[in-house]
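Working notes for the structure below.
The values are calculated or read from the model by the stated rules, or taken from the named source; none is laboratory data. Quick caveat, the model's predicted, so the values are computed rather than measured. Positions of Cβ are generated from backbone atoms using ideal geometry, with glycine treated the same way; all protein chains shown enter the neighbour counts.
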Amino acid sequence: MSSQNRLDFVRFASQEGVLRFGEFKVKSGRISPYFFNAGLFNSGRSVGTLGQFYAQALLDSSHDFDMLFGPAYKGIPLAAATTIALANHDADARDVPFAFNRKEAKAHGEGGTLVGAPLQGRVVIIDDVITAGTSVRESVEIIRAAGATPAAVLIALDRMERAGADDALSAHSAVQDVQQKYGMPVISIASLDDIMQLLDEDATFAQYQSAVSAYRDRYGIKG
Ligand SMILES: O=P(O)(O)OC[C@H]1O[C@H](OP(=O)(O)OP(=O)(O)O)[C@H](O)[C@@H]1O
Ligand SMILES: O=C(O)c1cc(=O)[nH]c(=O)[nH]1
């Protein structure tokens, strides 16, 4: 993904109200000066554009893959939107199968927890963010149990944040931990670097710059 595309993405997320600045408690308990709420990509046009960004990030990564897996719940529309964008892509159109899971097994009809195409080949896990890596771990287990291979993770935003308690911060982010633990790449459309660039370039956001910089100094991965 070019730096212009990444910047376009954070601008788009901000316009959609998905990326907001202020004070937000995140899953780790930290008070973050920004928050990315992917649930607010909630109209046809918005999800359509989002799918195009995911598809482009995946194609630009040049990783080989056979299908997508979207973990419930938010991964489900992401997988669908991205495969539609891949099918309609200008230069690299491809009809890619996708699957997703149910959080609770269905006890009637076809039953089970897996929906969509059979899990096979190299599977890209698609989600909005990685916080502790639980969703990726569960997805890896589901994909391996089906005899397929988890090939990469595709997310919207890498917060580039060190894991762990304030007095025992890990040297690595949750994204880096996932890459190391499963030996597969994590591809992100954009990262905290791109948010910082948006704050730098757009005077409307100037008031948030110092809080985001301070948060990054405190919790951001080094180097
Ligand atoms: O890395 P993790 O610690 O797993 O956190 C990230 C996951 O958490 C959220 O989903 P959640 O599990 O809350 O379910 P949802 O998609 O139903 O909101 C998010 O959409 C990711 O899937
Ligand atoms: O860390 C989180 O909980 C978190 C941060 C963020 O920006 N977006 C999100 O959905 N979760």
Do you know which residues across the range 13-35 are over 14 Å from residue 156 (Cβ atoms), β-branched (Val, Ile, Thr) and within 16 Å of ligand 1 (Cβ to nearest atom)?
-> 26
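Within the range 141-181, how many residues turn out to be more than 27 Å from residue 9 (Cα to Cα) and either out of contact with any strand residue (DSSP E or B) (no Cβ under 8 Å at 6 or more places or on another chain) or not charged (D, E, K, R) (or both)?
Qualifying residue count, the range 141-181: 17.
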Kindly indicate the residue of the range 158-194 that is polar (S, T, N, Q), touching a helix residue (DSSP H, G or I) at 6+ places or on another chain (Cβ under 8 Å) and within 22 Å of residue 29 (Cα to Cα) and also nearest to ligand 2 (Cβ to nearest atom) among those meeting that condition.
-> 191
Scanning the range 192-209 residue by residue, the ones that are surrounded by 13 or more Cβ atoms within 10 Å (Cβ to Cβ), farther than 17 Å from residue 158 by Cα and hydrophobic (A, V, I, L, M, F, W, C) total 1
Restricting the range 70-90 to residues that are touching a strand residue (DSSP E or B) at 6+ places or on another chain (Cβ under 9 Å) and of a type in the set (S, T, N, Q), the residue that is surrounded by the most Cβ atoms within 10 Å (Cβ to Cβ) = 82
Going through the range 27-57 in order, the residues found to be in contact with a Ser or Thr (Cβ under 9 Å, 6 or more places away or on another chain) and either of a type in the set (D, E, K, R) or at pLDDT below 95 (or both) are 27, 28
Count of residues meeting criterion [basic (Lys, Arg) and within 16 Å of ligand 1 (Cβ to nearest atom)] in the range 95-118 = 2
Does any residue of the range 159-182 turn out to be assigned to a loop (DSSP other than H, G, I, E, B) and in contact with a Leu (Cβ under 7 Å, 6 or more places away or on another chain)?
-> yes
Matching entry among 155, 125, 130, 142 (being in a helix (DSSP H, G or I) and either away from ligand 2 (no atom under 16 Å from the Cβ) or surrounded by 15 or more Cβ atoms within 10 Å (Cβ to Cβ) (or both)) | 142
Residue check: is residue 136 within 16 Å of ligand 2 (Cβ to nearest atom), on the phi < 0 side of the Ramachandran plot and either free of Cβ contacts under 8 Å to residues at least 40 places away in the same chain or over 16 Å from the mean Cα position of the chain (by Cα) (or both)?
-> no
Taking residue 189, is it modelled with pLDDT of 95 or more, part of a helix (DSSP H, G or I) and surrounded by 18 or more Cβ atoms within 10 Å (Cβ to Cβ)?
-> no
Which condition breaks for residue 119 when tested against (1) of a type outside the set (D, E, K, R); (2) in contact (Cβ under 8 Å) with a residue 60 or more places away in the chain; (3) more than 22 Å from residue 46 (Cα to Cα); (4) not in a helix (DSSP H, G or I)?
-> (2)
When you look at residue 212, is it more than 14 Å from ligand 2 (Cβ to nearest atom), buried (at least 19 other Cβ atoms within 10 Å of the Cβ) and under 23 Å from residue 128 (Cα atoms), yes or no?
-> no
